[in-house]
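Here is the structure we will look at, set down as structure tokens.
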Amino acid sequence: MSLLAAEGITKRFAGITALDDVSIALEEGERVGLIGPNGAGKTTLFNCLLGLLRPEAGSVSFDGHDITRLPVYRRARLGIGRTFQRVELFSGSSVRDHLLFAHRIRSGTGALWKDVLGLGLPKPAEIESCDALLESLGLGGMGDEPIEALSLGQSRLVEVARALMTQPRVVLLDEPSSGLDRAETNALAETLARIQLEQGFGLLLVEHDVELVASFTERTYVLNFGRLITSGDTPEVMQDPEVRAAYLGDFVAGTQ
Amino acid sequence: MNGPAETAAAPVATPAPLEIPVLELRHVNAAYGPFRALFDVSLTVGEGETVALLGRNGAGKTTVARVASGLVEPTEGEVMVDGNDFTKVRAHRYAKAGVVHVPEGRAVFGDFTVEENLTLAFSRTHDRSGVRNALTRAFELFPPIAQRRRQIAGTLSGGEQRMLAMARVLVESPRLLIADELSLGLAPIVTDEVYAVLGRIRDAGTSLLIVEQHMGHALALCDRAVLLDHGAISWQGPTEEAAEAIGAALFDAGAQ
Amino acid sequence: MTASVLAAGVLEDTIRAFFQGLPIGAGFALVAMSFVLTYKTSGVFNLAFGAQAFISAATYFELHVRRDWPIWAAVLVAVVLVAPVLGLLLERLIFRHVHASSAVAKLVISLGLLVALPELFKLIVDYNREQPFGAVGIIPDGTTIYRLFGRYPVTRDEIAAFVIVVAAAVALAALFRNTRLGLRIRAVVQSPRMTELNGVNADWVSSGSWMLSSFFAGLAGVLLVPTTSSLGTVLEPTGYFPIVISALAAAALGRLVSLPAALFGGLLLGVVTTQMRTHVPRDNVILAELQGPALPYVMLFAIIVFWPAIRRQVAGADPLLGVSPPPPALAATSRSRGMTIYTRIMALAFFTAVGIFTFGYANNFWISRITHSVIFSIIFLSIVVFTGLGGQIALCQVTFAAIGAFGAMQFAQRWDISVMVGMLAGAAIAAAVGAVLSIPVMRLGGIWLAIATLAFALFFHDVLVKYSWVGGSLFHGRGVPRPEFLGVDFSSRENFLILCVAILVLVGVLVILIRESSTGMALRALRGSETAAESIGVISWRSRVIVFSVSAGIAAIGGGLLAMEERLVGYEANFDPQTGLFWLVIVVVLGTRTVEGGIQAGVAFVIFPELVLHRWLGLDGAWRYVLFGFAAISFARHPEGLLEHGKRRSQALMQSMFARRQPAMAPAGAGAGATAGDGPPADAGAHPGDEP
Ligand SMILES: Nc1ncnc2c1ncn2[C@@H]1O[C@H](COP(=O)(O)OP(=O)(O)OP(=O)(O)O)[C@@H](O)[C@H]1O
Ligand SMILES: Nc1ncnc2c1ncn2[C@@H]1O[C@H](COP(=O)(O)OP(=O)(O)O)[C@@H](O)[C@H]1O
Ligand SMILES: [Mg+2]
Ligand SMILES: [Mg+2]
């Protein structure tokens, strides 16, 4: 039984079929890539997995339970964390607050009576763990910056940190490396790998940085025009002529 | 107004250009309210020259691009366009002077359809039939958005929005094209295509200032590279020499 | 009488009502289209519309009726000159600078203008030197009656209004459909900077569109006078309120963006109104109410809640928002330690002084004023909860306060239950009403939430209060006792003041605890990005029900105390919905983020007009509306409140005098690099102006 599985997802928007009978599965502790040309439906699939969009057909299950009808927050509380391709941050809050919110909301029951009795205030240990994660993502010392003062790449890192702070069992990352250069991308990959080793979550990665997908993931799904065209071990997928024609062009791993 | 470029203390590594450069930043400092972002940046883009602006996440590349297109007014220093002082001039005058800027991220009007986005861009310089021709050429350049010409731009996928933003400027050959995070979010095969078009535009006489994280393409296209670090220029010179200098600088920093 | 004669009579009535309804509908349509026009061209939900319309109408009245100018000259000045210039001024001085602010912030600004502009105008032209009786329309001999098909009477005014409205609709539709300018206007609303990058002067476009929409507001102002009963007799700004509310319902049909829908909706509402008057029997109480004042509010509320096109508006994010520096940190948690200590010392000193004054020297008048200040501080804390924590605007806090007051009264008078229990029961009822109300309206958020709550407040005001189980008898519940419990009698002035202060402290602590802990964090996350908040597990509907009902409960407690203090429920004086607009404005100006902000607003609300304006400066009390109304503009820039902003500035100044700020220098090469403030040279972290 897979940890997170989607069966036969179909999603249509006015006139176009963004996803057409797509099935994927993800195990605990696995790293899986999801690639495809622009507009192939990768982000739409993420939205269906998390419940931001309701597919017309198909089902999503998590840890053996059918979650197709659950609202977004229930899925998040089950342990699905994600980042957004178009950054979605809490405007008006500091960088550290982002992590603190995520941690609180996940761990505390958040009952009003606890707040009223003063049991809901953040504890020093929590703040420390937030700062430690920021440090390891290379955002050390930025905890107090307002979120609006960050550059695009930094904002993405904060999103990753926020997702990790919810103690997820599955993390969905939508182009985490855009806005980062090669060295920073490598550093992010290392950090992710380390934290994944500690926590054992499954990781689904959408990326156009093929270099990163090739070096980081074990398995890869390829979408084109809403349909799954191939899947399998990453190196094999990268050699697939259909994938090359639709997506990679004359890219050769390890040359950029 | 139309005076010749002053022979101000030119930055050491820049060869003094013979003719009047299209764009010149002289000792520019820039800030966002209390947050300082650029320190004494001097930079020229000559007639027909192509310059790659490189640097790590948060180094200030976007800020340089914004200063160069009038979006951010420098707190000190001057901005010259074709030898005219544009320091305190608003962005629409830059555009009229032929400086076009594709901002990073999703730089489209989210409530407009694809076609309205392009019409707005083309209608300043074209009459009705000219706009129609320009639309046709834009759609030839990027077939994916041609199929979605009546879709609301805000609902396009991330990459499609980037294509739309690029289509706005790639149809014409402006005097100076500033493209921020050029290949961000684009599939590798599309990136190749965009660079091919850029090559053609360059050959038609457009100067280019390109911000790019994936250096392979940028260095292949450009004559000169400028490396930013912590808001100041740390190196600039011809691209042939750049590969080693820049690569070393970036990888050293990231590898620690 | 045969059935066919009866049927013919019904048909006759229906047709008559239809032709009566069209001109009324044309008025709604004109206002609705003006709303849509402003919203489409500026992104501002302009509640100040009534103020703009009033200024043109009053200018016309002043010139034509009082000074005997000819009609054409008065129209030229009032509509073609004054209205666009007013629009230009609003754009130049105010709205241009708040483009990036949220729709809610802009709504607050327009509320401030609604409060301030008419009062300012009246003060300047000395409008109230005599009662403004007998306003007339701009059509010569407008009251001449024609008969359509020889039988259905319409006036010349009505025909003119109808023709102008349809012509305006056609012209505007053409502007937006077919012209380059229309496209540019819509582009500037989304992102002025992106528009500039396309070589368009965004400032000119936005000035132009404000002049256009203001012209329409002025035109509506003068055209509506003869056809609107509330305006025809005495020309006052409040006369526009009912028609604006009805028009909002029409504008809402087209989600505030569709001009044809606004036209059609306006006409439809006009016809529905007259048809209901003709056909619906009046013997049922509720049906009778629906033909009276309640209809527009019910329609507005129903449309907002049930019309499927109305959804939560996703902030149409300007892709170049990042070019502006970030707004100041919002939460009170971002205060430094020094700031907190400084605030505490100041507060302690202040309260000690007030305490000594109150119990040592004050006469009855001042004790009563101070008690009022404390009570209003409690009420205003409900706005701190809702607007400061929840980031939303609700315009029905007066209603909740009134529920608390009536609760205390009803329990004490009917069942002879302790008034304290009555007040708490009122608070519980208000909280329950808030919870029930929150479910349909909180889904919408933003401006829809504000309008829906306003409709609710007006409905309560015009309909519910009149029932004896709500508002008591005709003379609105006199004789509310003061409480006595735990063996202490709180009926003396001093003792009651002590009770109020104790409750204020309790409520203040409650607010702080909620703000600082899980619930507060969830709310801040939701305010920043709903999608992201849900994706980390925030249960949005629960958080919203909580803020709405906590806030309603607090307001009701304050309302109950106010009734006890005054020993009666002064409904008209205290709980009018238009008073509620001013409450919101004053709290927003002084600070919605902190408990102090609420308290300062309470003190200012009670003491300021009395002491500063009247006694010290000898000014008309109306200046308070002007001052605070215009001050609401600051909300967009300083959402933390003017006083908080001032304190931060002075504290920052003090700090910079004693020590230069240490920058948070990221270790070179550690991952992502530069912290926002630092650069390579040694003067890292310095502000732009600091460099030698
Ligand atoms: N709300 C919507 N309405 C209409 N079409 C939509 C909507 N959202 C997405 N689409 C379309 O669905 C398709 C899939 O979009 P999606 O965002 O999933 O692509 P993607 O694979 O993430 O692409 P990219 O790599 O560019 O981010 C696109 O063609 C897009 O235009
Ligand atoms: N709107 C803003 N307000 C405050 N600081 C900002 C803003 N935009 C960028 N910065 C800061 O300016 C610096 C340079 O940012 P940017 O030019 O976006 O970097 P790059 O494009 O090289 O990643 C960063 O440290 C960033 O935090
Ligand atoms: Mg995507
Ligand atoms: Mg950038």
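The values are calculated or read from the model by the stated rules, or taken from the named source; none is laboratory data. All values derive from a computational prediction rather than experimental measurement. Because the Cβ atoms are built from the backbone with ideal geometry, glycine has one as well, and the counts that use them run over all protein chains shown. Ligands, DNA and RNA are stripped out before the accessible areas are found, and what is left, the full protein with its side chains, is counted by its heavy atoms. Shrake-Rupley method; radii C 1.70, N 1.55, O 1.52, S 1.80 Å.
Listing for the model above:
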| read-out | value |
| --- | --- |
| Hits in the stretch A:162-184 (condition: on the phi > 0 side of the Ramachandran plot and more than 16 Å from ligand 3 (Cβ to nearest atom)) | A:Q167 |
| Flag if A:G138 is more than 19 Å from the chain's Cα centre (by Cα), of a type outside the set (A, V, I, L, M, F, W, C), more than 16 Å from ligand 3 (Cβ to nearest atom) and in a loop (DSSP other than H, G, I, E, B) | no |
| Candidate set from the stretch C:393-427 (those that are modelled with pLDDT of 85 or more and in a loop (DSSP other than H, G, I, E, B)); member that is farthest from C:R527 (Cα to Cα) | C:C396 |
| Hits in the stretch C:103-136 - residues which are outside any helix (DSSP H, G or I) and of a type in the set (A, V, I, L, M) | C:A135, C:V136 |
| Residue ID - farthest from the other protein chains (Cβ to nearest Cβ), chosen from residues in the stretch C:490-538 that are more than 28 Å from the chain's Cα centre (by Cα) and acidic (D, E) | C:E494 |
| Selected residue [touching a residue at least 24 places away in the same chain (Cβ under 8 Å), closer than 16 Å to C:L504 by Cα and open to solvent by 10 Å² or more (accessible area, probe 1.4 Å)] from C:E596, C:E566, C:E610 | C:E596 |
| Residue in the stretch C:94-102 that is assigned by TED's automatic domain parsing to the domain that holds C:M194, open to solvent by 40 Å² or more (accessible area, probe 1.4 Å) and part of a helix (DSSP H, G or I) present | yes |
| Subset of the stretch B:51-63 that is within 11 Å of another protein chain (Cβ to nearest Cβ) and either of a type in the set (A, V, I, L, M) or in a loop (DSSP other than H, G, I, E, B) (or both) - its residue that is nearest to ligand 3 (Cβ to nearest atom) | B:N57 |
| Hey, B:R148 within 16 Å of ligand 3 (Cβ to nearest atom) and either touching a residue at least 60 places away in the same chain (Cβ under 8 Å) or in a loop (DSSP other than H, G, I, E, B) (or both) or not | yes |
| Selection count, the stretch A:167-182, where residues are open to solvent by less than 10 Å² (accessible area, probe 1.4 Å), modelled with pLDDT under 90 and farther than 19 Å from B:G159 by Cβ | 1 |
| Per-region count, the stretch C:252-274, residues within 24 Å of the chain's Cα centre (by Cα) and either open to solvent by 20 Å² or more (accessible area, probe 1.4 Å) or closer than 24 Å to C:F582 by Cβ (or both) | 4 |
| Count - residues of the stretch C:108-123 that are of a type in the set (A, V, I, L, M, F, W, C), crowded, with 21+ Cβ neighbours inside 10 Å and closer than 19 Å to C:F54 by Cβ | 7 |
| Subset of the stretch B:113-124 (residues that are modelled with pLDDT of 90 or more and facing chain C (nearest Cβ under 7 Å)) | B:E116, B:T119, B:L120, B:A121 |
| Failed criterion for B:I189 (all others in (1) within 14 Å of chain A (Cβ to nearest Cβ); (2) touching a residue at least 24 places away in the same chain (Cβ under 8 Å); (3) under 30 Å from B:M215 (Cβ atoms) hold) | (2) |
| One residue from A:G33, A:G39 being at positive phi and not charged (D, E, K, R) | A:G39 |
| Selection from the stretch B:64-84 of residues that are assigned to a strand (DSSP E or B) and not β-branched (V, I, T) | B:E76, B:G77, B:E78, B:M80, B:N84 |
| Any hit, the stretch B:132-139, residues being surrounded by 22 or more Cβ atoms within 10 Å (Cβ to Cβ), under 21 Å from the mean Cα position of the chain (by Cα) and away from ligand 1 (no atom under 16 Å from the Cβ) | yes |
| Yes/no for B:E104 being away from ligand 1 (no atom under 16 Å from the Cβ) and of a type in the set (D, E) | no |
| Any hit, the stretch B:89-97, residues being open to solvent by 10 Å² or more (accessible area, probe 1.4 Å), in contact with a Pro (Cβ under 9 Å, 6 or more places away or on another chain), away from ligand 1 (no atom under 16 Å from the Cβ) and not acidic (D, E) | no |
| Failed condition for B:G205, given (1) open to solvent by less than 10 Å² (accessible area, probe 1.4 Å); (2) at positive phi; (3) away from ligand 2 (no atom under 16 Å from the Cβ) | (1) |
| Residue that is nearest to the other protein chains (Cβ to nearest Cβ), among those in the stretch A:119-138 that are on the phi < 0 side of the Ramachandran plot and small (G, A, S) | A:G120 |
| Tally, over the stretch A:42-101, of residues that are in a loop (DSSP other than H, G, I, E, B) and not β-branched (V, I, T) | 21 |
| Options A:S136, A:S129, A:S151: the member that is closer than 28 Å to A:G92 by Cβ and surrounded by 23 or more Cβ atoms within 10 Å (Cβ to Cβ) | A:S151 |
| Restricting the stretch A:180-223 to residues that are away from ligand 2 (no atom under 16 Å from the Cβ) and of a type in the set (K, R), the residue that is nearest to the other protein chains (Cβ to nearest Cβ) | A:R194 |
| Which numbered condition A:P122 misses (of (1) open to solvent by less than 10 Å² (accessible area, probe 1.4 Å); (2) more than 16 Å from ligand 3 (Cβ to nearest atom)) | (1) |
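Listed here are the residues, each with its yes/no results for (1) open to solvent by less than 50 Å² (accessible area, probe 1.4 Å); (2) under 17 Å from A:M165 (Cα atoms).
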residue: A:I24; (1), (2): yes, no
residue: A:G58; (1), (2): yes, no
residue: A:D66; (1), (2): no, no
residue: A:S91; (1), (2): no, no
residue: A:R96; (1), (2): yes, yes
residue: A:A111; (1), (2): yes, no
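One line per residue, one yes/no per condition, for (1) more than 15 Å from the chain's Cα centre (by Cα); (2) more than 16 Å from ligand 4 (Cβ to nearest atom); (3) free of Cβ contacts under 8 Å to residues at least 60 places away in the same chain:
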position	(1), (2), (3)
A:W113	yes, yes, yes
A:E128	yes, yes, yes
A:D131	yes, yes, yes
A:L157	no, no, yes
A:L164	no, yes, no
A:V170	no, yes, no
A:E184	yes, no, yes
